[in-house]
Structures are given as C-alpha cells and as structure tokens.
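The values are calculated or read from the model by the stated rules, or taken from the named source; none is laboratory data. Nothing here was measured: the structure is a model prediction, and the numbers come from that model. No Cβ is skipped: glycine too gets one built from the backbone with ideal geometry, and neighbour counts run over all protein chains shown. For the accessible areas, the whole protein counts, side chains as well, though only heavy atoms, and no ligand, DNA or RNA atoms are used. Shrake-Rupley method; radii C 1.70, N 1.55, O 1.52, S 1.80 Å.
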Amino acid sequence: MQTIEFSCPIIDRESINDQTVVLTLEAPVIAQTAYPGQFVNLASNQFLRRPIGIMNADSKKGSIQLGIRVSGEGTRFLAGQKKGDIVSLLGPLGRGFHLEGARRVITVGGGTGVFPLYFVQKVCQTRGLEGIAVCGYKSRKDSLLTDQYEALTCQTLFASETDDDMDFSGHAVAALADLLLKLKPVPETMILTCGPETMMASVAALAKKHGISCQVSLEERMACGIGVCLVCACKIKQGDEQESEYQRCCTEGPVFNAEVVEWQI
Ligand SMILES: Cc1cc2nc3c(=O)[nH]c(=O)nc-3n(C[C@H](O)[C@H](O)[C@H](O)COP(=O)(O)OP(=O)(O)OC[C@H]3O[C@@H](n4cnc5c(N)ncnc54)[C@H](O)[C@@H]3O)c2cc1C
Ligand code: FES
C-alpha cells in the first residue's frame, strides 16, 4: 500500500499519568487498514518524525489511538498536543503481528509495549481467539491501560516489580514463566511481545523452552520510517543461523519471528 501523509485532528486526549497520554486521532484511511504491530511516524517539533505504535483502530468511527510516554523533546511535544490540534503523520507503516493459525494468543508487554499489544488483544476478541495479556509494570503507580485490558474478553495478568497488590509480584517474564507452568497447553499458541529488549529476549527464550512460537516487536531508533534512510538497521539471522544480515526495522519489521533476531544486549 502506498504510504501517504495525513493531517489528523486530535479528537480526544486522555492523560494517563504525568508522563503518559492516549491521543485519539481522526484518521479514517489508517483506521480501515491498520493491523496490530504497525506504527505511524509523527511530525513533532524535532527535525525527524517520531514512531509510535498503533494502540487501537476503530474503522467504524474512522479513528486511531496512540499511547505516548514522554521520553524526550519529541514525545513531550506530542503528548502536549490538545484536542483540536492537527498532527501530521505517515502510516500505517511496517509489518505487524501475524495471528493466522493461532487459537491462543499470549501477549507480554513491558512499559509502553502494552499499548500496541492492546490492539492485538482487541483483534483476538473480534476473531474469537483465546487471549491472555501479561502486562508488566515497575509499580502500580506506573501501570497503564489496566481498565481497558480488563474490559476485553482476554484473561489479564498484571505484574508489578515493586508492589505486591497486583496479580503477580515480580517481572513480566517471571509472570509468564509462572503462567506457562499452570496453563493447559494448546498446540496453536503464540506469544507476542513488545517492550524493553532484555524483556523480549527473555520472553523469546522462555517461549523456545516451551516450544511456543514467538514474535517480537523491535524498537530501533528511526528516521524516515519508510525504508529509505537505513537508520533503523537491525541484525537478522539467516537460514542456518550462522550468517546474519541487516534488515530495516521500519519496513521488514518492526515485528520479527523471535528465532531470527540477533539480540544486541
Ligand atoms: C516501532 C516503534 C513503536 C513505538 N511505539 C511507541 C509507543 O506506542 N509509545 C511510546 O511512548 N513510544 C513508542 N516508541 C518509542 C518512541 O518512538 C521514542 O520514545 C521516541 O522516538 C523518542 O523521541 P523523543 O524526541 O521524545 O526523545 P529522544 O530525545 O529522541 O530520545 C529520548 C530517549 O528515548 C530513547 N529512544 C529514542 N528513540 C527510541 C526508540 N525508537 N525506541 C526506544 N527508545 C528510543 C533515546 O535513546 C533516549 O534515551 C516506539 C518506537 C518504535 C520504533
Ligand atoms: S527509519 Fe529509515 S529506513 Fe527505517
């Protein structure tokens, strides 16, 4: 599909905490075509656009939602936009998650990774797939989207590294390990993960140990977002796993099968 630049009015802005907002944008074309794991590249007050995963797409309302956490000047500018402001964006970009053939989909999100994985669980609900959402937070105070996940049909498992009043006390990877020991195996299970690279590498290792296929969404730094500048090159293993080559995270990814990713940690 041809990538087009859109000027999208902000139709809603919800402040989640002092660092994080969810923006709802009028973007009918993107809302029709986007699928989970894809992203948009937004103009900000910085020279380069900033990539943000699509958190939700409502084709009937013609809107998309983006969860944005402030990490620098570009995201600060975007998070500070108000209802009625117009945002320029390119999208939907990249290759997202493949859900074909799945009966059970376990998502494992850490930090802002819970935003794009919400879209996964929403689509699982629409398709009647069994969904389990593992969401890892530093603390209850940092938790994101818990109400929104609970409103879906998926089972939820909220983990907190510092508080013991959520579903699981500890890291999201430990929560997944615990879950996999208790779950009755279903052959067509997939694990999809998004978040810090160390977390995704551990999730991938755990999935491999249990013989479950795993897809990861990489967050390389990006510039053009459309495959031209090569800023987002990431190392991907080839067939025999001895050789690797660079691929463009924005175009061949950001979602890859976990087995082909050469982790940089
Ligand atoms: C495919 C993709 C999807 C993303 N989805 C989301 C999302 O849903 N919500 C969200 O809040 N953020 C998301 N990000 C991260 C977001 O793009 C960065 O936080 C943003 O580009 C930082 O820009 P800045 O100007 O605010 O900060 P900068 O000053 O450019 O950077 C601030 C800090 O963030 C780090 N950083 C910069 N770019 C990235 C990046 N691509 N990934 C991880 N760390 C980065 C820098 O190393 C630095 O430490 C996503 C990134 C990618 C590649
Ligand atoms: S960001 Fe330019 S090629 Fe990927």
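Per residue, the range 4-93 exposes 46 Å² of accessible surface when a 1.4 Å probe is rolled over the protein heavy atoms with every protein chain present.
Please label the shape of the range 104-260 as rounded, prolate or oblate, based on the square roots a ≥ b ≥ c of the eigenvalues of the alpha-carbon gyration tensor (a/c under 1.5 means rounded; beyond that, a/b larger than b/c means prolate, else oblate). Intermediate values should be presented prior to the final figure.
Working: a/c = 1.72, a/b = 1.48, b/c = 1.17.
Taking the square roots of the gyration eigenvalues as a ≥ b ≥ c, the range 104-260 is prolate.
Close amide H partners of ARG95, meaning residues 5 or more places away or on another chain with modelled amide H under 5 Å apart, are GLY253, VAL255. Length gained on full extension, VAL231 to LYS82: 50.6 nm, using 0.36 nm per residue less the C-alpha separation.
As a length-normalised measure over Cα pairs under 8 Å and 6 or more apart, the relative contact order of the chain settles at 17 percent.
Going by a ≥ b ≥ c, the root eigenvalues of the Cα gyration tensor, does the range 157-212 fall in the rounded group (a/c under 1.5), the prolate group (a/b larger than b/c) or the oblate group? Intermediate values should be presented prior to the final figure.
Working: a/c = 2.42, a/b = 1.38, b/c = 1.75.
It comes out oblate by the Cα gyration axes.
Check each of the chymotrypsin sites (Phe, Trp or Tyr not before Pro) in the range 1-75 and keep only those in coil by DSSP with at most 11 other C-beta atoms within 10 angstrom; list them in order. The partial results should precede the final answer.
Details: sites: PHE6, PHE39, PHE47; in loops: PHE47.
Hits after loop and neighbour filter: PHE47.
Exposed loop trypsin sites (Lys or Arg not before Pro) only (DSSP loop, at most 14 other Cβ atoms within 10 Å): please give the longest stretch of the chain free of them, not including the sites. With a cap of 14 other Cβ atoms within 10 Å, the longest stretch comes to 139-220.
Expressed as a whole percent, the accessible area of the range 104-260 that falls on carbon and sulfur atoms is 48 (1.4 Å probe). Based on the Kirkwood radius over alpha-carbon pairs, what is the Stokes-Einstein translational diffusion coefficient of the range 11-69 at 25 °C with 0.890 mPa s viscosity, in µm²/s? For these conditions, the coefficient is 206 µm²/s.
Loop by DSSP (not H, G, I, E, B), at most 15 other beta-carbon atoms within 10 Å: where is the longest site-free stretch of the chain for GluC sites (Glu not before Pro)? Walk me through the numbers before you get to the answer.
Details: sites that count: GLU100, GLU188, GLU241, GLU243, GLU262.
The answer is 1-99.
A straight chain from GLU262 to VAL186 at 0.36 nm per residue would run longer than the Cα-Cα distance by 24.6 nm.
Considering every alpha-carbon pair of the range 60-114, the percent of pairs per 5 Å bin, from zero through the bin containing the longest distance, is 4, 10, 17, 21, 21, 14, 7, 5, 1. Along its first, second and third principal axes, ordered by size, the chain spans 48, 46, 33 Å in Cα coordinates. Dividing the convex hull volume of the alpha-carbon atoms in the range 56-161 by its residue count gives 134 Å³ per residue.
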